[in-house]
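To start, the structure under review is shown below, and the notes come after it.
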């Protein structure tokens, strides 16, 4: 990107911000569950997306206030998560309280960010109202949950909010960038094919593990992220109306598409094979079923 700041205009800072925060939420989610390998992948995602956002901000295509929030969050995440993984958080109840407070804070920010990101992508009116409304609703839910005033069926569900919010952010992030790619009005030379391929492979490699664990949050996010990365590659393959150029060679797109289809088909076959004997016995498949096949 050095010396070609205009190319960065094609990158949606809203899209990269949602991806960044999705990585941040899933980092806390996986570390909290003891899935260190998956957490490491998310940490790499946090750093790589923050790096791209730094370039976009430096080129003048991202508001300074939004970038300041990114910097503060990435520093806090690296410190708190690093201490959690290393077992260096204060001992006893304080350790649980610090991690719980961090998890709840991330969930609340995610609840606020999702509607704001959607609004910023599809509306030209610049207002923080969607985030404020969502944050107020989330804070009210948390307060009622802590005070025990929620109906019994709704209590304790906030723990799953960061994971599902991250999944929705990842579901939305490629849409923001894809809308920009397919609009045909911007220069796509700033969109990195390598980054998209790495993102597609990273998400794709997590699908088998997510299915083994029968984790709906993980499975949904991994499958969606894989397919939407392919969709962005499709936008680069299609001849761009503004420049008349293709930004992804036809043969490369064909090979990528065939390999992805074969990979997903193999995963679906193995997963169905693992479910079949358990279903015939009337027992729902649990963690490890895919591995045992």
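Yes/no matrix, rows are residues, columns are (1) in contact with a strand residue (DSSP E or B) (Cβ under 8 Å, 6 or more places away or on another chain); (2) surrounded by fewer than 19 Cβ atoms within 10 Å (Cβ to Cβ); (3) under 24 Å from residue 266 (Cβ atoms); (4) modelled with pLDDT of 80 or more:
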| site | (1), (2), (3), (4) |
| --- | --- |
| 161 | no, no, no, no |
| 165 | no, no, no, no |
| 170 | no, no, yes, no |
| 179 | no, yes, no, no |
| 190 | no, no, no, no |
| 208 | no, yes, yes, yes |
| 211 | no, no, yes, yes |
| 219 | no, no, yes, yes |
Can you pull out the residues in the stretch 83-111 that are over 23 Å from residue 168 (Cα atoms) and modelled with pLDDT of 80 or more? 83, 84, 85, 86, 87, 88, 97, 98
Test residue 73 against the criterion of being at pLDDT 85 or above and surrounded by fewer than 20 Cβ atoms within 10 Å (Cβ to Cβ), and give yes or no. yes
Taking the stretch 248-287 and keeping residues surrounded by 12 or more Cβ atoms within 10 Å (Cβ to Cβ), part of a loop (DSSP other than H, G, I, E, B) and at pLDDT below 80 leaves 285
Those residues of the stretch 112-125 which are touching a helix residue (DSSP H, G or I) at 6+ places or on another chain (Cβ under 7 Å) and modelled with pLDDT under 75 amount to 120, 121
Evaluate the stretch 36-52: report whether one residue or more is touching a helix residue (DSSP H, G or I) at 6+ places or on another chain (Cβ under 7 Å) and surrounded by fewer than 16 Cβ atoms within 10 Å (Cβ to Cβ). yes
Test for residue 211: is it part of a helix (DSSP H, G or I), within 24 Å of the chain's Cα centre (by Cα), in contact (Cβ under 8 Å) with a residue 40 or more places away in the chain and closer than 18 Å to residue 11 by Cα: no
List the number of the failed condition for residue 53; all other conditions in (1) within 17 Å of residue 201 (Cα to Cα); (2) modelled with pLDDT of 85 or more hold. (1)
Quick test for you: out of 99, 57, pick the one residue that is in contact (Cβ under 8 Å) with a residue 60 or more places away in the chain and farther than 17 Å from residue 165 by Cα. 99
Looking at the stretch 126-140, can you tell me whether even one residue there is buried (at least 18 other Cβ atoms within 10 Å of the Cβ), closer than 29 Å to residue 36 by Cα and either modelled with pLDDT of 80 or more or in contact with a strand residue (DSSP E or B) (Cβ under 6 Å, 6 or more places away or on another chain) (or both)? yes
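The values are calculated or read from the model by the stated rules, or taken from the named source; none is laboratory data. Just so it is clear, the model here is predicted, and its values are computed rather than measured. Please note: Cβ atoms are built from the backbone with ideal geometry, for glycine as well, and neighbour counts cover all protein chains shown.
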